[in-house]
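Here is the structure we will look at.
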Amino acid sequence: MHIARNWRVKKQRYSLHGEICHHCGAKVFPPRDICPECAKPAYDPLQLSGQGEVYSHTTVYDAPAGFQHQAPYALALVRLEEGPMLTAQLTDVDPKEVHIGMPVEMVTRKLSVEGDEGLIQYGYKFRPRMMARAA
Amino acid sequence: MRDVAIVGIGQTPVGELWDKSLRQLGHDAIRAAMADAGIEQADALFVGNMLSGELAGQEHLAALLADFLGMRGIEAAKIEAACASGAAALRVGTMAVASGMADVVIVAGVEKMTDTLPAETTAGLALAADQEYEVAEGATFLALNAMLMRRYMHEYDIPHSAFAPFPVNAHHNARGNPNAMFHMDISPARYEKAPVVAPPINVMDSSPICDGAAALVLVPARRAAEFGSGKRIVRIAASASAVDTLAVHDRGDPLFLEAAYLSSHKAYALAGVTPADIDFFELHDAFSIMSVLSLEACGFAQRGRGVDLGESGAITLSGRLPITTLGGLKARGHPVGATGVYQALEVVQQLRGDAGPNQLAHAHIGMAQNIGGSGATIVTHILIGED
């Protein structure tokens, strides 16, 4: 992915910046210009907590270019506490131990590497929630 | 608006066609459809294709095909809607004839996926997903379907083996289709032992990477008798399309294919039919889970009960709602941008009584549904054989 394209998404990718619609109250990630719930065009910024749970998951064996050094890896649909769902890798966990409903939290990690001279992309992954481990 | 009829069909076999180029595939299918319709020229050519730019470095595909076919001077354009490109092109062709803006229209679907290495083709297919919020995070098209299947099994407490009848039926039906990629039966036991590619999806849940091209000739229905060789005239009774969120994670309920519900129910209203009137259904079985979600959204099964249609045998050639009657995406093959045209063409084969050993005893109203991405674009056509 090109440099400018990465730079444009840095707030959402590094710190889960979302939006809240001041018309209907919908919480949204990633930011859009139009609320997906009420289709009205107004938004206020919302910092998401990064806490969520696994809605579903799989293991990627045939990884796309840039991800091959990580394969096999766990991929999940994560439902954030605030409501929005996103797609992310799970980290710091054996893919066999992942289950639906597992509490997870966001961490910033290396996402992909574009060869020896290309970009290294960083962004969000999710790991088992530390509090849940301690409990 | 004018009624539209399909008066010509043509297809290439589906498979790893290393001796055929993209343009040659398109040529072969289109020439066959033109011969079937008895035409030498057309007003317009609409080509469904997803990956010619990515995998062959060739855009401007419709102009290339028209040129290669000696049809300089006509209107031509490529239509892209991921794996729904074929049916999207059919819909554009239908609109052109229905509106009166064109009289004789060729709709083709062409895809070449086997010249490139599997990793390149896989990356190409992922272009259908959200590049910034699915693919950049490591998702593949297969992985997205796997997560839908796992959630479905979890919510409705359904074992993986319950999906076996779908690929078993598709493979059985492909044996009667000389143009299908695979001609071998698979057993439920073989299905359950197949290598897992993205849990819970295994190889036998997944449609193959392949090449192929199919084409249709569309004309105003009132002129249909002027074309073809006296075969039954097939009318496009409904053409409908709808979109959903591009990313799976943005759907309020990822297990309900909203775009399938919307496009099928628009189509029922346009054709004046209900799901009970549909004699057979060429659905989009790119993965087993998609068959089940499509059947539920289109009103053929309650939510969580789509697998029952497999278990009861309703989906077989002698069942209440035969599906994938000539092999479907799983066993005829899924040359992505061509698939929607193959589906409509196979509905025409059944309605004409030309489906060979797979001919249905009762084929009067057939439905085809083509899905782009993991459900973001869904196009439904209902075709009726005229008496």
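Bear in mind these aren't lab numbers, they're just calculated from the coordinates by the rules spelled out. What you see is a predicted model, and the numbers here were worked out from it, not measured in a lab. FYI the Cβ positions are ideal-geometry reconstructions off the backbone, even for glycines, and counts take in every protein chain you see.
Numerical summary
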{"item": "Shielding score for B:188-200, defined as the mean number of other chain Cβ atoms within 10 Å", "result": "2"}
{"item": "Value of Rg to Rh for the protein assembly as shown (Rh from inverse mean 1/r over Cα pairs, i.e. Kirkwood)", "result": "0.98"}
{"item": "Euclidean distance of C-alpha centroids, region A:58-82 and region A:103-133, integer Å", "result": "10"}
{"item": "Mean separation of Cα contacts under 8 Å, 6 or more apart, over the residue count of chain A: relative contact order %", "result": "21"}
{"item": "Additional length obtainable on full extension of the chain from B:S187 to B:T274, 0.36 nm per residue less Cα span", "result": "28.0 nm"}
{"item": "For region A:49-135, alpha-carbon Rg and Dmax in angstrom", "result": "13.2, 44"}
{"item": "Cross-link table A:K40/A:K125; A:K125/B:K112; A:K27/B:K112, entries beyond 32 Å C-alpha to C-alpha", "result": "A:K125/B:K112; A:K27/B:K112"}
{"item": "Dipole magnitude of region B:292-355 about its Cα centre (Cβ charges: Lys, Arg +1; Asp, Glu -1), debye to nearest 20", "result": "40"}
{"item": "10 Å Cβ neighbours from other chains, averaged over peptide B:145-151", "result": "5"}
{"item": "Only Lys, Arg (+1) and Asp, Glu (-1) charged, at Cβ; region A:1-59 dipole about Cα centre in debye", "result": "320"}
{"item": "B:E311 versus B:S99: modelled label distance in nm, points set 7 Å from Cα along the beta carbon direction", "result": "4.8"}
{"item": "Where GluC sites (Glu not before Pro) in DSSP loops with at most 16 other Cβ within 10 Å are excluded, longest remaining stretch of chain A", "result": "A:38-80"}
{"item": "At R0 = 22 Å, FRET efficiency that the Cβ-Cβ distance of B:A225 and B:D43 yields, to 0.05", "result": "0.70"}
{"item": "Per-residue [θ]222 nm for chain A (sum of -39500 (n - 2.57) over DSSP H runs n ≥ 4, rounded to 500)", "result": "-2500 deg cm²/dmol"}
{"item": "Alpha carbon centroid spacing (whole Å) that separates region B:107-183 from region B:33-86", "result": "25"}
{"item": "Mean separation of Cα contacts under 8 Å, 6 or more apart, over the residue count of chain B: relative contact order %", "result": "26"}
{"item": "Theoretical ellipticity at 222 nm over chain B - DSSP helices of four or more residues, -39500 (n - 2.57) apiece, nearest 500", "result": "-10500 deg cm²/dmol"}
